[in-house]
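Step one of this worksheet: look at the structure below.
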Amino acid sequence: MPASGRRIVAVLTHSRIALAGLVLSLTSSSLFLVFLGAELVGLRTGPYFGIVGFLFLPVPFVLGLVLIPIGYLRARRRLSESGGAAAPLAPYPVLDLNVRRHRRNLLLFGVLTIVNVALLGTASYKGVHYMESDAFCGQVCHTVMRPEFVASRTSPHARVGCVHCHVGSGAEWFVRTKLSGVRQLVGVALHNYPRPIPTPVQDLRPARETCEECHWPDQHHGDRLRVIRSFAEDEASSEQVTVLVLHVGGGHAGGQQAGGIHWHMNLANEITYIAADESRQTIPWVRLKDAGGGVTDFTAGDAGLTAAQIASAAKRTMDCVDCHNRPAHRFEQPDEAADQAIAALRLDRGLPFLKQQMVGALKGSYASREAALQGIQESLDRYYRENHPEVYARSRKAIDAVIEATRNVHAANVFPEMGVTWGTYPNNLGHESFPGCFRCHDGNHSSPDGRVIRQDCDTCHALPAMEEPAPAILKDLGVGAESPEGGAPPRAES
């Protein structure tokens, strides 16, 4: 070994700090390469893989790189003062490119620096990429975010990453979100967070910078046909089919006449409102600024707001999420969820009181997720075994399918550990289970000149006039066909 190498080793061996740094950097870099190789060959397992590999391991690696020169310089100075080195040591390293040994050492230092920069660069890229993944957002803090993560997996936006809506593009919102995330991380670590998590998110990025990146705001959509299948809670679980023509409408500021539901988002209109509660379910005051610049204020008759209160109240400009407030995290109601399960899975409606028993089991009070799964199974199994023994003996397979479907529905909508149950999160799209549209369109909001925000049904939708119940539509949906296990065919109405 050259004399310079021996001196470096002698100095390092006299510094516990430098040796600790060397061990930290070598161990963490080796483990990082193992994690990187595992990901490249597709061996990533679990949400914590990325945290350990790309967020945790770089920390001891950098710490080790910092400790090595600190320990080296301290030991070098100590050996020089005590005369413990083989040759006198200058207070600081000397670099002379005319000396071959120095050039070799400089080359070695450069290669190691390039390797370290490459490792840190890769770790930084992978770390940022992982922090933008759905696994990081929804599964790392698995108890806190589990309700929203589960709901998003079955939403129309299931393939849209969390960060596309909650962060968007650009460095500004990335930094703001990560700073907010630090506060949330502290809350999770200390178990100091609300249950359930309150909505709406107050500091959410404006919809015009997220939703409207994909959904063209001034596109005219016209009318859309919607077919709703529901089932009664009678013995036959009788089916009813509701056919609606939704006036989605839309329009833009370039002269096209706006109309329908999306009239609210026409670029020529601006709607501002005051919410009396944090969940924005009570709206006592609305202001409309139309394309001509006219301003009209509508106040709920029972609101009792004074001019001073209106002037000082916080106001919000209406955007997509005021109606589509659960675009990727929708939770259903028991009746609606049972309807969808029966229709989608073609559960056997030959089972007596199928819909009634499903809804009853879903609404049961359970202390935990495990208790719910067990309770639902026992409730449905016991009902058919005790009240319909012949059906129970003949249709065990169909009953098991109903039990499994009901358990899955409950698991996707109720989370006792987070205080999330039926109706915890209102859905403002429509007006059946929650006020929704009727927060403003209640016939009670009027202007000083007597105009009223209407509640006319035909403004948003219409029931098409038909001599018979849309036979072509119902045939396409499979309505009227025999149900599995020989159950009675459904009945259709319009």
*Please work out which residue is farthest from residue 418 (Cα to Cα), limiting yourself to segment 208-226 and to residues that are part of a strand (DSSP E or B) and modelled with pLDDT of 85 or more.*
223
*Quick one: how many residues across segment 433-448 are part of a loop (DSSP other than H, G, I, E, B) and in contact (Cβ under 8 Å) with a residue 60 or more places away in the chain?*
8
*Of these, 188, 201, 167, which one is closer than 17 Å to residue 132 by Cα and of a type in the set (Val, Ile, Thr)?*
167
_Residue identified as in contact with a Ser or Thr (Cβ under 6 Å, 6 or more places away or on another chain), part of a helix (DSSP H, G or I), closer than 20 Å to residue 235 by Cα and modelled with pLDDT of 95 or more among 405, 338, 361, 401_ = 361
*Scan segment 90-127 residue by residue and report those that are of a type in the set (A, V, I, L, M) and either outside the structural domain of residue 32 (by TED's automatic domain parsing) or surrounded by 15 or more Cβ atoms within 10 Å (Cβ to Cβ) (or both).*
119, 120, 123
*Return yes or no: is residue 141 in the same structural domain as residue 181 (by TED's automatic domain parsing), touching an Asp or Glu at 6+ places or on another chain (Cβ under 7 Å) and hydrophobic (A, V, I, L, M, F, W, C)?*
no
*Mind listing whichever residues of segment 397-432 are without any contact (Cβ under 8 Å) to a residue 60 or more places away in the chain and of a type in the set (Gly, Ala, Ser)?*
401, 430
*Mind listing whichever residues of segment 259-307 are closer than 19 Å to residue 249 by Cα and either assigned to a loop (DSSP other than H, G, I, E, B) or free of Cβ contacts under 8 Å to residues at least 12 places away in the same chain (or both)?*
260, 266, 267, 268, 269, 290, 291
_Criterion (part of a loop (DSSP other than H, G, I, E, B) and hydrophobic (A, V, I, L, M, F, W, C)) met by exactly one of 245, 160_ = 160
_Tell me the residue from 183, 229, 205 that is of a type in the set (Lys, Arg), under 28 Å from the mean Cα position of the chain (by Cα) and assigned to a loop (DSSP other than H, G, I, E, B), please._
205
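A quick yes/no check of all residues on (1) over 24 Å from residue 418 (Cα atoms); (2) in contact with a Lys or Arg (Cβ under 7 Å, 6 or more places away or on another chain); (3) at pLDDT 85 or above:
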{"position": "90", "(1), (2), (3)": "yes, no, no"}
{"position": "96", "(1), (2), (3)": "yes, no, no"}
{"position": "115", "(1), (2), (3)": "yes, no, yes"}
{"position": "127", "(1), (2), (3)": "yes, no, no"}
{"position": "131", "(1), (2), (3)": "no, no, no"}
{"position": "138", "(1), (2), (3)": "no, no, no"}
{"position": "142", "(1), (2), (3)": "no, no, no"}
{"position": "153", "(1), (2), (3)": "no, no, yes"}
{"position": "164", "(1), (2), (3)": "yes, no, yes"}
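The values are calculated or read from the model by the stated rules, or taken from the named source; none is laboratory data. Values in this document were obtained by computation on a predicted structure and should not be read as measured data. Note that each Cβ is placed from the backbone with ideal geometry, even for glycine, and that neighbours are counted across all protein chains shown.
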